[in-house]
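K.L.:
Have a look at this one before I ask anything.
The values are calculated or read from the model by the stated rules, or taken from the named source; none is laboratory data. Quantities reported herein were computed from a predicted structural model and do not represent experimental measurements. Please note: Cβ atoms are built from the backbone with ideal geometry, for glycine as well, and neighbour counts cover all protein chains shown.
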Amino acid sequence: MARRRVKSETSAGTGELTLVEAVQRALARAMEEDETVILLGEDIGVDGGVFRATDGLIARFGADRVRDTPLAEALIGGLPVGLAAMGFRPVAEIQFMGFIYPVLDQIVNHAARLRNRTRGRLSCPMVLRAPYGGGIHAPEHHSESMEAMFAHIPGLRVVIPSSPAKAYGLLLAAIRDPDPVIFLEPKRVYRATREAVVDEGSALPLDRCFTVRDGADVTLVSWGAMLKETLEAAEMLAGDGVEAEVLDVATLKPLDMETILESVRKTGRCIIVHEAPLTGGFGAEIAARLAGEGLMHLVAPVERVAGWDTVMPLLRLEGQYMPSPQRIVAAVRRVLEYA
Amino acid sequence: MAEVFKLPDLGEGLQEAEIVAWHVGVGDHVVTDQPLVSVETDKAVVEVPAPHSGRIAALHGEPGDVLAVGAPLVEFAAGAAADKGAIVGKVAAAEEKAPKPDKAPARDKAKAAPAVRRLAAQLGVDLAAVTATGPGGTVTKADVERAAGEVAVAEPLRGVRRAMFHNMTRAGRDIVPATVTDEADIESWPDKTDVTIRLIRAIAAACKASPALNAWFDADTLTRRVHERIELGIAVETEDGLFAPVMHDIGNRDADDLRRGIEAMKKDIAARAIPPEQLVGQTITLSNFGMFGGRFADLVVVPPQVAILGAGRAEMRIVAVDGAPAAHKLLPLSLSFDHRVVTGVEAARFLNAVIEDLEKAE
Amino acid sequence: MSTVATFEIRHDRILGPDGKLEGEAPPFARDRDKLVALYRWMVLTRAFDAKAVALQRTGRLGTFASSIGQEAVNIGVADAMAPEDVLLPSFREHGAQLVRGVTMRELLVYWGGDERGSDFAGPREDFPVCIPVGTHAPHAAGVALAFKLRNEARVAVCIFGDGATSRGDVYEAMNVAGVWALPVVFISNNNQWAISVPRKAQTAAETLAQKAIAAGFEGRQVDGNDIVAVRQATAEALDKARRGGGPTLIEALTYRLGDHTTVDDASRYRDDEEVGRRWKEEPIARLRTHLAAAHGWGKAEEEALIAACAAEVEEATEAYLTTEPEPPEAMFDHMYEELPAELVRQRAALLGQE
């Protein structure tokens, strides 16, 4: 029998948690308060998930509610549609972004439109969780950031937490939401930081951008793992007397454009930072909205600092792919020239 | 009046169909769903049935003719049941309700961002006449302001001054302020008494006497936290603006310790290097504004706090001592509080306790 | 060498093409009233189908998939179900939906291009039609899991065609149903054609039923033009599922006598001769022959039944044709339980209120 570390379980209280622990706490909290919450996925049971996001939950809630599925992603996308239509709140896990594509059929054709196509008779309150993004030296097909694909689908909510506390509050909100939510977890952040998380069942709003740093000179918009580089860039800029306001989009769909516009009205400059490839990335949507609704407040071009339009490189080059604080700072320097 | 049955779209987006064979003739009486004609579309040969019963008045087209979708196919004699109308294939377009734009205005050749153009328009500056200093010859806001001859270039509020803006705006919006004033007789104080230290100790004593003023109030949840620990904000004015670094746990520190804390704080302020953790968490605030002038003031309570004590400039005043006039040094005190959560009695009790402590011998 | 597994696929036929009962017939097969009721559903379905095609040909209905020739599968399956079971149809199960309580007006409203047609007043938990072939099979597994988790004696019934059995998600759904012993019955309406691709080009397997063997549960085949066999096999599978015995796959052998849909022309890829031969096996004539021979079903009754069905279809058609379309903002109003701000804005823009 393999050695297993068993983590202590507390039902409530405050503690410093990693993001993956915060996900586990939110799942446990949701299962505790609502017995229709069912977890499904590959290796989520005894193994506790490949990232241990469901660690200990099978022992606590039983194999009926923490279900290891066969290795079948279309099923993991489609089975929750049936469960949800019958009044359950399934939370399905896909192990890596690269394995999520068979699920798209179910999400696009069914989960996202069941409520509409039955005029509200049936609905689909499911959550699809998946880790995304690079930076942990994973094998091929494990490191992509394909959030824009989901953000393009009408009928969904697309949520990406950037920190343990956000992961906890947003995941609870996603599970309680009456419509399907794609919940993409920045796996680079899973264990990178700890943060105080109050495990008392408080959800965060699913329609709000969060201002994580106040500033008057330039607005930096980002989400998920890229908040780290973005905040580092803001810190570097502060050393030179440049105050960058940093926004964590958190919920890409529906997008809280008002908070972004409010910030840009103040700063007149905006840089959008994302790990996903540049072309057709979600930054394009924000830039287009700024051009439409924020143009009169812009003093400089909107720039995007994003992944290159390349296939996500294997691990030896992935550091060259990911936007760095230096690239963000360079972009800020360019837009600051419009004094 | 004859009623016309038009060729429907028989597939998905088909435009026309060729008549293959008629199955009825003029004058025939047909019944609903009876085959009228076979037509060949790009995709299939299909039979078109009668949409309703009636007598055929006319057939349009011969075998081999190609009819466009929507063209008349069969006319029924008068008296036939009215066609319910084709409901599929005709997509009602959403109405375009936008007003027609005027002719596009002529554009000047200057390169300037929309926000800069707006500023130029506001200031009556001709962009073409502005010396452009921005990247690639773009006109910047500063260029426009210079051209407008403005002495002062508008600049964003920064740092402490911006924080002051936010805090004061919030306070002004949220708080229901009330102020009670009085004076402490400090004639008995020896020379060089540190006023700030005495005030800090007096506040600690007053918080024990009237704990409701050392509290946070959350208007969103209508909850109040009365604190045991006193985290005293000390309002400091600098050129950059107003802020209030925290003296931690003043109820449990002796005078020397407090003095050391104040010295450290002064150094930090001078160096603009106050640690961030010392800028948050105030449970009540002291403003020693008398150092700069003024005796009494309505002070601004910064949420979530509910009270702020201000000390004005101490002056010699004539007071009655045992029924006889005497000149004593008096310290004017103003206590502003959030009347939504603090009662007048609680405030008065607090102020009395401050005075009682200040008037004690050292 | 040793053999580790063998399998055989049972085929059932109770009512033969000549209208005679063969072998052991279940009690309902001797019940005239029951047989007449089943017969009436099949006749009504065919009348509905013909009317729907005519409505499309006269520009008053969208693309429609006729179920002509497959009425026994539709009616036999749905009639065996309990009201509290859940049907997950593909797009050629009008008859099954009618038996379940979906109205002809609702079906026409849907195929006429109006989502309200899937807001059934009757079977509130039945799924709407599934157009992307076979993608509803995982939903059936989910519905069945819901029943199992709640210890409800209910069964999910999922109908798909022969082509769907080539799809991965149908297998993924059957596979999990086997592993978890879910209360689900899969029906493959094997009408021999997936648009233009014949059954033999779809899979090299001798039967579709045997695909269940790979998923670890019973697969069986019935004559899909024999409503008695279809109903009986379905009833047995439902009973097994209700008792915790897990899933069953029933392959019902039938034939698509019509085009794939109203935008298809089957003469491009199959012989009239084949279709003519298959007309001799069609299910309605088979049961009529039996009713006439065994239960004295006469011309008067037949004519009265056909007239009644035609009237019912006409009434539904009238109700459909006089159904006003939804206001345009309806496309927004069911996207989310609570409409996000951006969609509120777009909705107003559509209405010219911006």
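Every residue, every condition in (1) free of Cβ contacts under 8 Å to residues at least 24 places away in the same chain; (2) of a type outside the set (Lys, Arg); (3) on the phi < 0 side of the Ramachandran plot, yes or no:
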{"position": "B:Leu258", "(1), (2), (3)": "no, yes, yes"}
{"position": "B:Lys266", "(1), (2), (3)": "yes, no, yes"}
{"position": "B:Ile269", "(1), (2), (3)": "no, yes, yes"}
{"position": "B:Pro275", "(1), (2), (3)": "yes, yes, yes"}
{"position": "B:Thr283", "(1), (2), (3)": "no, yes, yes"}
{"position": "B:Ser287", "(1), (2), (3)": "no, yes, yes"}
{"position": "B:Phe292", "(1), (2), (3)": "no, yes, yes"}
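K.L.:
When the residues of the stretch C:149-163 are filtered to those that are among the small types (Gly, Ala, Ser) and in contact with a strand residue (DSSP E or B) (Cβ under 7 Å, 6 or more places away or on another chain), which remaining residue is nearest to the other protein chains (Cβ to nearest Cβ)?
P.N.:
So in the stretch C:149-163, the residues among the small types (Gly, Ala, Ser) come out as C:153, C:156, C:161, C:163.
Pick out the ones that are also in contact with a strand residue (DSSP E or B) (Cβ under 7 Å, 6 or more places away or on another chain) and you get C:156, C:161, C:163.
Numbers: C:Ala156: 7, C:Gly161: 17, C:Gly163: 16 Å.
Result: C:Ala156.
K.L.:
So which residues in the stretch C:257-273 are surrounded by 12 or more Cβ atoms within 10 Å (Cβ to Cβ) and of a type in the set (D, E, K, R), if there are any at all?
P.N.:
First, the residues of the stretch C:257-273 that are surrounded by 12 or more Cβ atoms within 10 Å (Cβ to Cβ): C:257-267, C:269-270.
Within the stretch C:257-273, C:Asp259, C:Asp264, C:Asp265, C:Arg270 meet the criteria.
K.L.:
Working only within the stretch B:30-51, note down all residues that are in a loop (DSSP other than H, G, I, E, B), modelled with pLDDT of 90 or more and crowded, with 18+ Cβ neighbours inside 10 Å. Step through it out loud before you land on a result.
P.N.:
Kept after step one, since they are in a loop (DSSP other than H, G, I, E, B), are these residues of the stretch B:30-51: B:31-34, B:41-44, B:50-51.
Filter once more, so that each one left must be modelled with pLDDT of 90 or more: B:31-34, B:50-51.
Result: B:Asp33, B:Ala50, B:Pro51.
K.L.:
So, restricting to strands (runs of 3 or more DSSP E) that lie completely within the stretch B:206-287, which ones have at least 1 residues that are β-branched (Val, Ile, Thr) and surrounded by 13 or more Cβ atoms within 10 Å (Cβ to Cβ)?
P.N.:
On the way: elements: B:215-218, B:223-226, B:232-234, B:236-238, B:241-243, B:284-287.
Once the strands (runs of 3 or more DSSP E) in the stretch B:206-287 are filtered for at least 1 residues that are β-branched (Val, Ile, Thr) and surrounded by 13 or more Cβ atoms within 10 Å (Cβ to Cβ), what remains is B:223-226, B:232-234, B:236-238, B:284-287.
K.L.:
Output the residue which, of all residues in the stretch A:284-330 that are in contact with a Pro (Cβ under 9 Å, 6 or more places away or on another chain), part of a helix (DSSP H, G or I) and within 14 Å of another protein chain (Cβ to nearest Cβ), is surrounded by the fewest Cβ atoms within 10 Å (Cβ to Cβ).
P.N.:
Out of the qualifying residues, it is A:Met296.
K.L.:
Restricting to the stretch A:218-248, name every residue that is more than 23 Å from A:His137 (Cβ to Cβ) and surrounded by fewer than 20 Cβ atoms within 10 Å (Cβ to Cβ).
P.N.:
Across the stretch A:218-248, the qualifying residues are A:Glu235, A:Met236, A:Ala238, A:Gly239, A:Asp240, A:Gly241, A:Val242, A:Glu243.
K.L.:
Output the residue which, of all residues in the stretch A:179-206 that are β-branched (Val, Ile, Thr) and buried (at least 20 other Cβ atoms within 10 Å of the Cβ), is nearest to the other protein chains (Cβ to nearest Cβ). Walk me through how you get there before you give the answer.
P.N.:
Of the residues in the stretch A:179-206, the ones β-branched (Val, Ile, Thr) are A:181-182, A:189, A:193, A:197-198.
Checking which are buried (at least 20 other Cβ atoms within 10 Å of the Cβ) leaves us with A:181-182, A:189, A:197.
On the way: A:Val181: 11, A:Ile182: 14, A:Val189: 23, A:Val197: 19 Å.
Only one residue fits best here, namely A:Val181.
Listed here are the residues, each with its yes/no results for (1) in contact (Cβ under 8 Å) with a residue 60 or more places away in the chain; (2) surrounded by fewer than 22 Cβ atoms within 10 Å (Cβ to Cβ); (3) away from every other protein chain (no Cβ under 11 Å); (4) at positive phi.
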{"site": "C:Arg105", "(1), (2), (3), (4)": "yes, yes, yes, no"}
{"site": "C:Trp111", "(1), (2), (3), (4)": "no, no, no, no"}
{"site": "C:Arg116", "(1), (2), (3), (4)": "yes, yes, no, no"}
{"site": "C:Phe120", "(1), (2), (3), (4)": "no, no, no, no"}
{"site": "C:Pro123", "(1), (2), (3), (4)": "no, yes, no, no"}
{"site": "C:Phe127", "(1), (2), (3), (4)": "no, no, no, no"}
{"site": "C:Gly134", "(1), (2), (3), (4)": "no, no, no, yes"}
{"site": "C:Pro138", "(1), (2), (3), (4)": "no, no, no, no"}
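K.L.:
Run down C:Ala201, C:Ala177, C:Ala194, C:Ala164 and say which single residue is farther than 23 Å from A:Glu73 by Cα and in contact with a helix residue (DSSP H, G or I) (Cβ under 8 Å, 6 or more places away or on another chain). Can you show your working first?
P.N.:
On the way: C:Ala201 fails: in contact with a helix residue (DSSP H, G or I) (Cβ under 8 Å, 6 or more places away or on another chain); C:Ala177 fails: farther than 23 Å from A:Glu73 by Cα; C:Ala164 fails: farther than 23 Å from A:Glu73 by Cα.
Criteria check complete, one pass: C:Ala194.
K.L.:
Surrounded by 24 or more Cβ atoms within 10 Å (Cβ to Cβ), modelled with pLDDT of 95 or more and away from chain A (no Cβ under 14 Å), is that true of C:Leu208?
P.N.:
On the way: surrounded by 24 or more Cβ atoms within 10 Å (Cβ to Cβ): yes; modelled with pLDDT of 95 or more: yes; away from chain A (no Cβ under 14 Å): yes.
Against the criterion (surrounded by 24 or more Cβ atoms within 10 Å (Cβ to Cβ), modelled with pLDDT of 95 or more and away from chain A (no Cβ under 14 Å)), C:Leu208 qualifies.
K.L.:
Filter the stretch C:323-354 down to the residues that are polar (S, T, N, Q) and within 27 Å of A:Leu122 (Cβ to Cβ) and list them by number.
P.N.:
Of all residues in the stretch C:323-354, those polar (S, T, N, Q) come to C:323, C:346, C:353.
Correct list: C:Thr323, C:Gln346.
K.L.:
Then there is this: Determine, yes or no, whether A:Ala233 is within 20 Å of A:Ile286 (Cβ to Cβ) and modelled with pLDDT of 95 or more. Outline the logic, then answer.
P.N.:
Details: within 20 Å of A:Ile286 (Cβ to Cβ): yes; modelled with pLDDT of 95 or more: yes.
So A:Ala233 passes the test.
K.L.:
Can you list residue pairs whose Cβ atoms sit under 6 Å apart, with the first residue in the stretch C:294-307 being farther than 13 Å from C:Ala47 by Cβ and the second being of a type outside the set (Phe, Trp, Tyr) and part of a helix (DSSP H, G or I)? Count only pairs 6 or more apart in sequence or on different chains.
P.N.:
C:His295/C:Arg32; C:Trp297/C:Leu291
K.L.:
Could you list, in sequence order, all residues of the stretch C:125-140 that are in contact with a Gly (Cβ under 9 Å, 6 or more places away or on another chain), assigned to a loop (DSSP other than H, G, I, E, B) and either closer than 13 Å to C:Gly168 by Cα or among the hydroxyl-bearing types (Ser, Thr, Tyr) (or both)?
P.N.:
C:Val133, C:Gly134, C:Thr135, C:His136
K.L.:
So, one more: Considering every residue within the stretch A:207-225, establish whether at least one is in contact with a Gly (Cβ under 8 Å, 6 or more places away or on another chain), farther than 30 Å from B:Leu157 by Cβ and either within 14 Å of chain B (Cβ to nearest Cβ) or modelled with pLDDT of 95 or more (or both).
P.N.:
Yes - at least one qualifying residue is present in the stretch A:207-225.
K.L.:
Could you tell me which residue of the stretch C:52-63 is nearest to C:Val263 (Cα to Cα), considering only residues that are under 20 Å from the mean Cα position of the chain (by Cα) and more than 7 Å from chain B (Cβ to nearest Cβ)? Show your work before the answer.
P.N.:
In the first step, residues of the stretch C:52-63 are kept if they are under 20 Å from the mean Cα position of the chain (by Cα); the result is C:52-53, C:62-63.
From what is left, the residues that are more than 7 Å from chain B (Cβ to nearest Cβ) are C:52-53.
Details: C:Ala52: 13, C:Val53: 10 Å.
Per the criteria, the residue is C:Val53.
K.L.:
OK, next. Say we look at the stretch A:167-178 and pick out the residues that are of a type outside the set (A, V, I, L, M, F, W, C) and surrounded by fewer than 24 Cβ atoms within 10 Å (Cβ to Cβ); which of these is nearest to A:Ser123 (Cα to Cα)? Reasoning before the result, please.
P.N.:
Going residue by residue through the stretch A:167-178, those that are of a type outside the set (A, V, I, L, M, F, W, C) are A:168-169, A:176-178.
Next, from what is left, pick out any that are surrounded by fewer than 24 Cβ atoms within 10 Å (Cβ to Cβ): A:169, A:176-178.
Working: A:Gly169: 23, A:Arg176: 13, A:Asp177: 11, A:Pro178: 8 Å.
Out of the qualifying residues, it is A:Pro178.
K.L.:
Report whether or not C:Ala47 is closer than 20 Å to C:Val109 by Cα, within 14 Å of chain B (Cβ to nearest Cβ) and crowded, with 24+ Cβ neighbours inside 10 Å.
P.N.:
Details: closer than 20 Å to C:Val109 by Cα: yes; within 14 Å of chain B (Cβ to nearest Cβ): yes; crowded, with 24+ Cβ neighbours inside 10 Å: no.
The answer is no for C:Ala47.
K.L.:
Also, quick follow-up: Would you pick out the residues in the stretch C:271-328 that are assigned to a loop (DSSP other than H, G, I, E, B) and aliphatic (A, V, I, L, M)? Before you say what the answer is, go through the steps one by one.
P.N.:
Start the filter on the stretch C:271-328 by keeping residues that are assigned to a loop (DSSP other than H, G, I, E, B), which leaves C:271, C:280-282, C:296-298, C:322-328.
Hits for the stretch C:271-328: nothing passes.
K.L.:
Only residues in the stretch C:262-280 that are closer than 28 Å to C:Arg60 by Cα and within 14 Å of chain B (Cβ to nearest Cβ) count as the first member; pair them with residues that are part of a helix (DSSP H, G or I) and at pLDDT below 90, Cβ under 9 angstrom, at least 6 apart or cross-chain, and list the lot.
P.N.:
So the pair list comes out empty.
K.L.:
Considering each of A:Glu245, A:Glu337 in turn, give the residue that is within 14 Å of another protein chain (Cβ to nearest Cβ), in contact with a helix residue (DSSP H, G or I) (Cβ under 6 Å, 6 or more places away or on another chain) and under 26 Å from A:Thr193 (Cα atoms). Give the steps one after another, and end with the answer.
P.N.:
Working: A:Glu337 fails: under 26 Å from A:Thr193 (Cα atoms).
Selected residue: A:Glu245, the only one of A:Glu245, A:Glu337 that is within 14 Å of another protein chain (Cβ to nearest Cβ), in contact with a helix residue (DSSP H, G or I) (Cβ under 6 Å, 6 or more places away or on another chain) and under 26 Å from A:Thr193 (Cα atoms).
K.L.:
Among what's in the stretch B:10-29 and is within 13 Å of chain C (Cβ to nearest Cβ) and buried (at least 21 other Cβ atoms within 10 Å of the Cβ), pick the residue that is farthest from C:Ala310 (Cα to Cα).
P.N.:
B:Ala17
K.L.:
Out of everything in the stretch A:117-161 that is β-branched (Val, Ile, Thr) and touching a strand residue (DSSP E or B) at 6+ places or on another chain (Cβ under 6 Å), what residue ends up being farthest from the other protein chains (Cβ to nearest Cβ)?
P.N.:
Within the stretch A:117-161, the first condition is being β-branched (Val, Ile, Thr), and the residues that meet it are A:118, A:127, A:136, A:153, A:158-160.
Among the residues that remain, those that are also touching a strand residue (DSSP E or B) at 6+ places or on another chain (Cβ under 6 Å) are: A:127, A:158-160.
Values: A:Val127: 14, A:Val158: 12, A:Val159: 13, A:Ile160: 17 Å.
In this case the residue turns out to be A:Ile160.
Residue-by-condition table, conditions (1) surrounded by 24 or more Cβ atoms within 10 Å (Cβ to Cβ); (2) among the aliphatic types (A, V, I, L, M); (3) closer than 30 Å to C:Leu291 by Cβ:
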| residue | (1), (2), (3) |
| --- | --- |
| C:Asp169 | yes, no, no |
| C:Trp180 | no, no, no |
| C:Asn191 | yes, no, yes |
| C:Thr203 | no, no, no |
| C:Ala235 | no, yes, yes |
